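Derivation of every value follows stated rules applied to the coordinates shown; laboratory data play no part. What you see is a predicted model, and the numbers here were worked out from it, not measured in a lab. Using ideal geometry, Cβ is built from the backbone for each residue, glycine included, and neighbour counts are taken over all protein chains shown.
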Amino acid sequence: MDKLPDIVGSIPYLLEGAGYTVAITAVALAIGFCVGLPLALTRVYGDKLASSLAAAYSTALRGLPALVVLFILFYGLSSVISLPAFIAGCLALGVCSSAYQMELLRGAIQSVGPGQMMAARALGMPRLQAIAFIVLPQALRLAIPAWSNEAAVVLKDSSLVYAVGLAELLRRSQQVAARTYQPFLVYVLCAVIYFGLTFATNRSLDTVERAMRLPTPLEEMH
Amino acid sequence: MQGDAALPFILEGLLAFWDMIWPGLGKGILTTLQVSAVGLVLGLLAGLPAAVARVYGPRWLRRLATAYIEMFRGTPLLVQLFVIYYGLPDVAFWLEGLGLPGKWLILDNTVAAYIALGLNSGAYQAEYFRGAIQAIGAGQIMAARAIGMSQLQAVINIVLPQALRLALPAWSNEVAYMVKYSSVVFIIAVPDLLARGQFIISKHYNPMEILLTVGAIYLAMVLIISTLMGRLEKRLRIPGLELEIERA
Amino acid sequence: MSEAIVRVQDLHKAYGSTEVLSGVSLEVNEGEVLVIIGPSGTGKSTLLRCINLLTRPDQGRVWLDGEEVTAPHADVNHIRERVGMVFQDFNLFNHLTALGNVMVGLTKVKRMPKQEAHELALFELERVGLQDKADLYPAQLSGGQKQRVAIARALGMDPRVMLFDEPTSALDPELIGEVLEVMKKLAREGMTMIVVTHEMGFAREVSNRMIFMEHGVIVEQGPPEQLFYCAEHPRTCEFLGKITELYGPRQREEE
């Protein structure tokens, strides 16, 4: 246990790595959302061809391990373009997440009843307006719990970027473990930090969900 | 005429490619399937009791089960793998230093992979089973007790047969996830499909082709498994008994 | 003789192998209240939805104010602005307050400035008696209140005709009255209305003309007195007989 102060001393170094972890997660989730939402809309509202293509995209990307996608972007493209590990990581995780986000957003959009769209169209709203102002505001609220899950998954998957050498949390943990010869303690510490991050993510999204919640029926009606 | 001339070239190219990837990737596929299967079974053995403990157990047992589930669902699989493969030998030396038997904690990479995948999957499976068990109304147990069954009998004979069917869709998802996530064991040098692919790349310097092939194989495995699981679901379905659970 | 506001010619619609509308034609003039009755599933709702093209008929044509709705290049969205629709399930926008529900059509479709829309929306809510519930969300309103907000939402668009698709069928009995009151008021004010309903009291009291539909065709058409008392078609008598059984002879004496 004489190494304990050493380990404790390396916590700032590890937390810096955790910063990379959070950064990758945030960028990947954003990419996943920006790609996943249009795809989900295509899947629900598009014509047969577009909808099938979107479905195929989803099936293909959900059948590939994130690690393989990461390697394709990092090693596979290396002869054409050399992507830095951070970018490869964000893109790989983003692309994988887009398929899962497409599915969860699709579920949320479909659970906003068809009556909402009908009423909007009956007012003379064009389809796009109806989707943007009536369906999506409700769908996005409904999607928050599932999205919170996805955020946790991406956070955990960000550890895979270890395999392409990025100095994020896990890679740094490995360095500290090698330096202090205390792999067990260091990796457990690493796990604790990840746990903290996941916990914080879930909690903050819970808060967001509660803040966005629509008022429920009052106990007494007039 | 030109098409005919191209054909032997294409065939030759394909044959050369095949020589490159077989039997390497083939062995990799077997390893991946093997690791996934063991991981799933271990997960079942860990997850089902954990779920039952969480629903029916006394408080201390519930706490224990919840702790296990939260720990393994709240941390990345790769980190769990490292703790088990690199961390346990550390604990072993420490135990030995205290004069206690510790050698058994030093696991080879395949066994470490089995255990990490098993414990990880078990935590997720526990949640699916818990959802399914809780969806089986309390009335079922009441009726079972009313005809004289003990709590244990009621759980085993009445609740679990229904719960396992309810959990089947979520469990099918889990099989697909397992095959995909098993790819991380390549990092601790278990010769799975991805590892074999990387090995071929190191010899032939054609990362894109090999990785795309590896990706296609994973995709094929996942699709085949999903189709098979879908058929299994249809076979076992009881009309009126359905539940939607997502992988967390 | 003013041009009919709504004209429907030979509508056909089938879902799969079931033909829901088998050649329906009708005309509605300005200020008329037309009530459509008939057994469930006989195409009444489909007919309404064909008028504002929420459902596209397989065959047949529809005109609104002389403009053909079913024309291939018709600006359907623009046409829908002039047709108000009230649904059985209300379909209020759950993420908007009552006021927001009435305003959204004004600001987004009619492109009204916000202040003007706000005032008009409050006016319409007042018209249905709900100005004090303006800031409540649909989940906080009773069924009858929701439907009245839905009526206000449709009225806000200044429609030429209002379509009511079984507006009270999803309401608890004690809440039906408040909605019918609003509808009666609209009729008195001269709104052109097409109403699909099972509420025979309303039909008899308010309608200028009634239609009995069954199996996708119009069986009988005429003023309410005709359908209720000396119907030409036996099936009409049978259907209404069963209904008025519930009401009893008392209602006849009230006339």
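For chain C, the longest principal axis of the alpha carbon atoms and the long axis of helix C:173-188 meet at an angle near 90°. Most simply put, chain C has about 55% antiparallel DSSP beta bridges, counting only bridges with both residues inside it.
Work out the FRET efficiency for C:PHE123 and B:MET142 from their Cβ-Cβ distance, taking R0 = 60 Å, and round it to the nearest 0.05.
According to the calculation, E is roughly 0.55.
Calculated FRET efficiency, B:LYS234 to C:SER169, Cβ-Cβ distance, R0 = 35 Å: about 0.40 to the nearest 0.05.
Between 0 and 90 degrees, the angle of helix C:143-156 with respect to the longest Cα principal axis of chain C falls at about 80 degrees. Please state the shape class of chain C: rounded when a/c is under 1.5, otherwise prolate if a/b exceeds b/c and oblate if not, all from the C-alpha gyration tensor. Oblate, because a/c is 1.5 or more while a/b does not exceed b/c.
For helix A:11-45, what angle does its Cα long axis make with the longest principal axis of chain A, in degrees from 0 to 90 and rounded to 10? Once rounded, one gets 20 degrees. Once you reduce region C:140-161 and region C:184-246 to the center of their Cα atoms, the two points are 23 Å from each other. Peptide B:197-205 has a mean of 1 when you count, residue by residue, the C-beta atoms of other protein chains within 10 Å of its C-beta. Among complete DSSP H helices in chain B, those whose alpha-carbon atoms stretch at least 15 Å along the helix's long axis and whose mean Kyte-Doolittle hydropathy reaches 0.5 are B:2-21, B:24-56, B:207-236.
Neighbour counting of Cβ atoms within 10 Å sorts the residues C:HIS12, C:HIS73, fewest neighbours leading, into C:HIS73, C:HIS12.
Decide, for chain B, between rounded, prolate and oblate: order the square roots of the alpha carbon gyration tensor eigenvalues as a ≥ b ≥ c, take rounded if a/c falls under 1.5, and otherwise choose prolate if a/b is larger than b/c, else oblate.
On the way: a/c = 3.59, a/b = 1.49, b/c = 2.41.
Oblate shape, in that a/c is at least 1.5 and b/c is the bigger or equal ratio.
The mean count of C-beta atoms from other chains within 10 Å of the C-beta of residues in B:83-89, rounded to a whole number, is 5. The DSSP beta bridges internal to the protein assembly as shown are antiparallel in roughly 55% of cases.
If you wrap a convex hull around the C-alpha atoms of region A:4-221 and split its volume per residue, what is the figure in Å³? Write out the running numbers ahead of the final one.
Working: hull volume 33.0 nm³, N = 218.
For region A:4-221, the hull spanned by Cα atoms encloses 151 Å³ per residue.
Roughly how big is region C:29-182's charge dipole about its Cα centre, with Cβ charges of +1 (Lys, Arg) and -1 (Asp, Glu), in debye to the nearest 20? Before the final figure, lay out each step's value.
Values: 16 positive and 22 negative charges, 97 e Å.
With only Lys, Arg, Asp and Glu charged at Cβ, the dipole is about 460 debye.
Over all Cα atoms in the protein assembly as shown, the spread is summed up by Rg and Dmax: 33.1, 109 Å. What the Cβ-Cβ distance of C:GLU19 and C:ASP132 gives, at R0 = 56 Å and to the nearest 0.05, is a FRET efficiency of 0.75.
Can you list the lysines whose alpha carbon sits under 16 Å from that of C:LYS133, skipping same-chain ones fewer than 8 residues off? Straight-distance partners of C:LYS133: C:LYS146.
Here the dipole of the protein assembly as shown is about 2260 debye; that uses its Cα centre as origin and unit charges on the Cβ of Lys and Arg (positive) and Asp and Glu (negative). Just check region C:1-114 against the gyration tensor rule for me: Cα atoms, a ≥ b ≥ c as the square roots of the eigenvalues, rounded for a/c under 1.5, and otherwise prolate or oblate depending on whether a/b exceeds b/c. The shape class here is prolate. Counting Cβ atoms of other protein chains within 10 Å of each Cβ in A:185-192 and taking the mean gives 6.
What percent does the relative contact order of chain C come to when contacts are Cα pairs within less than 8 Å and at least six residues apart? It would help to have the intermediate numbers written out before the result.
Values: 459 pairs, mean separation 62.3, N = 255.
Averaging sequence separation for qualifying contacts and normalising by length gives 24 percent for chain C.
Counting neighbouring Cβ atoms within 10 Å and putting the fewest first, the residues C:TRP63, B:TRP22 line up as B:TRP22, C:TRP63. Remark: relative contact order (region A:4-221) = 28 percent; criterion is Cα-Cα distance under 8 angstrom and separation of 6 or more residues. For region B:101-167 versus region A:92-117, the spacing of their alpha-carbon centroids is 31 Å.
Do the sum for chain B: with -39,500 (n - 2.57) for every DSSP H run of n ≥ 4, divided by all residues, what is the mean residue ellipticity at 222 nm, to the nearest 500 deg cm²/dmol?
On the way: 12 runs with 187 residues, N = 248.
Rounded to the nearest 500, the figure is -25000 deg cm²/dmol.
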